[in-house]
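Structure first, then comments.
Quick note: the coordinates plus some simple rules give every number you see, no bench work behind them. Fair warning: this is a prediction, and the values are worked out from it, not measured in the lab. Cβ placement follows ideal geometry from the backbone for every residue including glycine, while neighbour counts extend to all protein chains displayed.
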Amino acid sequence: MDRSRKTGYEINDNLVNRLIKSTLQTGMITTVIALIDLLTGFLLLSPISPSDNQSDIKTTSLA
C-alpha cells in the first residue's frame, strides 16, 4: 500500500493539494494586506506631536 497517497486516488490527492496550496497563498495575501491596512490606520490616526490638540477636530452632522 502506498502511504504517500492521502485518499487512495491520485486525482483526489491532486485536488486536495491544489486546494490547500490555494488556501495558503490567498490567506497569506489577505494577511499581508490586512496588516498594511492596520498599520496605515494607526499611522494616520496617531497624533503627529504631543502638542497637537485633538479636541479641535469638528464633526458635522448629515441630518
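Laid out as a table, the results:
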read-out: Pairwise label distance in nanometres, residue 24 with residue 46, each label 7 Å out on the Cα-Cβ vector; value: 3.3
read-out: Difference of contour (0.36 nm per residue) and Cα-Cα distance, residue 12 to residue 35; value: 4.8 nm
read-out: Local net charge near residue 19, Cβ-Cβ under 13 Å (Lys/Arg +1, Asp/Glu -1); value: +2
